[in-house]
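Inspection log for the structure reproduced underneath, given as structure tokens.
Each reported figure results from applying straightforward, stated rules to the coordinates on display, with no laboratory input. Keep in mind it's a predicted model, so treat the numbers as computed, not measured. Glycine also receives a Cβ, built like all others from the backbone with ideal geometry; neighbour counts cover every protein chain displayed.
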Amino acid sequence: MKIHATVKNLENYKIYLQVEKAVHEFMEANHYLKVELPVLSPTLIPESYLEIFETEFKFLDKKEKLYLTPSPELFIKRLLTHGVGDCYYLGKSFRNADPPASLHSYEFVMLEFYKMGVDYMGIADVVLKLLQSIKKQIIYQGKKISFEKWEKITVSQAFEKYAAISEKELFNHKLFISKARLKGYQTKNFTYEDLWSQIYSQEVEPNLGKNGYPTLIYDYPKEFAALAKLNPDDRTTQRFEFYINGIELGDCYTELTDWKEQEIRFKKEGKVIHPIDKGYIEALKYGLQDCSGIAIGLERLAMIFADLTSIDQLKLINIV
Amino acid sequence: MRINAGNLKKGEFVFFQGAICQVQKADFYSPGKGSALMKARLKNLVSAKNVEYAYKSNEQVEVLDVTSVEMQYLYKDNENLYFMDERTFNQSSLPISIVGEITRFFKEGEKMFVYMYNDKPLSIRPPSSVKLKIIEAEDAAKGDTVSGAKKPVKVETGAIVMVPIFVKIGESISINPETGEYTGRV
């Protein structure tokens, strides 16, 4: 990799700064506490699909492994259990094995905020107001997008509409895999999760956020939300993502507050390289009030407002 | 040769749904739901249309074993570019729609590398830079000293390129043909 000074992006970078400023102003006006957090942690939440950066703290002959945080969640949950209330983090997060690409980078700026006493749809209302506070409507790649309302669709409806996969097929692993095979996907040695992810990315995602409004897609199968609250149907979780022009911008869920259930889900996550954050379970044991949170990629959001197609166009320094 | 989709690179040729395609873009990413994916943009070399496909990063993909042959670019008509292998004098042609935007920087008589598969030309290996002479340019306006200011000029193939204002008519410049950007004077 090489360092590139891309000062030609100065005007775009200024739009990024405007979006960042608007976010801070909105959060402050709505009484969210800004929290500064470490980016190095000795333990992490087990999320086996995330690749982690690992480093070492050295002091004389003592050494301790530290990990760059893929999300600030493990810190914020502790603060929430101890009553910090509505709060937000706007800073760097790190995910290994995500090479720099138009929508990805191994280090990125994340806005993560939590609101007490609401479920995921309560957060959806806040996000819409946040978008409106930046601009009421935009033109993105020649198409008008208004932030007046959401286009809402469940994951199940979206698979039916865009991939012709019925609700029955969506939730039954065996049926889903044979449907994927029929559609021409390679299925040998692949799991339900692998194929689900592929079809979601290939057939569903490109259609989201294309009808003049941002799309809110919600109620994901429980296999895809380790920290989210289960719906009464027992097979979906209270999770949503939102999209503009096929681009995912944020991921939200009603927080799972049941520590026993959380412990079971952690065990199901399988092998991870880092020590598991037991304090996270301890914090839940202490007691977490009902709340919901969302993570939004700030560079992607600014990219949309700047009418660009790649996050590197916003940056003054790119490492590629 | 079969490889993991996660190792696909821009410029490689693959079989996709029965057609030969060239990888235009390949982004590896973990969506946070299930396994990592390789999102590829593939250009169908018959229809010249692009298609987006999300491979599972560890699925097997057949990559074509192509060779690249140095040829002389002869000329173009409305649809095709014509090349000649200088050792055998065999001529080949490629549709402009397949080779794409970079053709506007091709100068007749230049040597280029043509990708071949089973003796059939597939596409061009884009040169990393081309050197072309400026044939039309306005003088820089006096007092226009804003750093980084640019002006359009016409190069000998007829293409328009943005260059720094101090660059003059008659000078030769180097251009990155894939981005169309000026990279320096030669």
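Across all C-alpha atoms in segment B:2-62, the radius of gyration and Dmax reach 11.1, 35 Å. Remark: the Cα gyration tensor places segment B:50-186 in the oblate category, a/c being 1.5 or greater and a/b not exceeding b/c. If you take the Cα centroid of segment A:57-122 and the Cα centroid of segment B:1-22, the two points sit 36 Å apart. Applying a DSSP loop filter and a limit of 11 other Cβ atoms within 10 Å to the trypsin sites (Lys or Arg not before Pro) in segment B:52-136 leaves B:R87.
Pairs of Cα atoms nearer than 8 Å and 6+ residues apart set the relative contact order; for chain B it is 14 percent.
Ordered by the number of other Cβ atoms lying within 10 Å of each residue's own Cβ, fewest first, A:Y213, A:Y286 fall into the sequence A:Y286, A:Y213. For GluC sites (Glu not before Pro), the sites in segment A:26-97 that DSSP calls loop and that have at most 15 other Cβ atoms within 10 Å are A:E36.
The alpha carbon centroids of segment B:64-99 and segment A:210-226 are separated by 48 Å. Semi-axis lengths, largest first, of the ellipsoid equivalent to segment A:108-209 are 33, 17, 13 Å, with √(5λ) applied to each eigenvalue of the Cα gyration tensor. Residue exposure proxy: A:Y16, B:Y82, ordered by other Cβ atoms within 10 angstrom of their Cβ from fewest to most, comes out as B:Y82, A:Y16.
If you take all other residues with their beta carbon under 12 Å from the beta carbon of B:L74, and give Lys and Arg +1 and Asp and Glu -1, the sum is -2.
In segment A:177-254 the Cα-Cα distances spread across 5 Å bins starting at 0 as 3, 15, 20, 20, 19, 17, 5, 0 percent of all pairs.
Assuming a ≥ b ≥ c are the square roots of the Cα gyration tensor eigenvalues, decide whether segment A:173-320 counts as rounded (a/c under 1.5), prolate (otherwise, with a/b larger than b/c) or oblate. Each step should come with its number before you reach the end.
Working: a/c = 1.66, a/b = 1.18, b/c = 1.41.
Because a/c hits 1.5 or more and a/b fails to exceed b/c, segment A:173-320 counts as oblate.
Within 10 Å of the Cβ of each residue in A:192-202, the mean number of Cβ atoms contributed by other protein chains is 6.
Please go through the residue pairs A:K65/A:K267; B:K133/B:K154; A:K168/A:K268; B:K10/B:K43; A:K8/A:K315; A:K8/A:K135 and name each one whose alpha carbons sit more than 19 Å apart in this structure. If you can, show how the numbers build up before the last one.
Details: A:K65/A:K267 22 Å; B:K133/B:K154 9 Å; A:K168/A:K268 24 Å; B:K10/B:K43 11 Å; A:K8/A:K315 9 Å; A:K8/A:K135 25 Å.
Beyond 19 Å: A:K65/A:K267; A:K168/A:K268; A:K8/A:K135.
Remark: mean inter-chain Cβ contacts per residue of A:94-105 equal 3, using a 10 Å Cβ-Cβ cutoff to other protein chain atoms.
Per residue of B:52-62, what is the mean number of Cβ atoms on other protein chains within 10 angstrom of that residue's Cβ?
5
Grab the other residues whose beta carbon is less than 13 angstrom from that of A:K63, score K and R as +1, D and E as -1, and report the net. Neighbourhood net charge equals -1. The Cα center of segment A:238-258 and the Cα center of segment A:299-313 differ in position by 19 Å.
Put in order of Cβ neighbour count within 10 Å, fewest first, the listed residues A:W259, A:W196, A:W150 become A:W259, A:W150, A:W196. For chain A, the fraction of C-alpha pairs more than 31 angstrom apart is 33%. Working note: Debye formula, equal point scatterers on the alpha-carbon atoms of segment B:67-125, no solvent; log10 I(q)/I(0) at q = 0.12, 0.15, 0.28 Å⁻¹ is -0.23, -0.36, -1.34.
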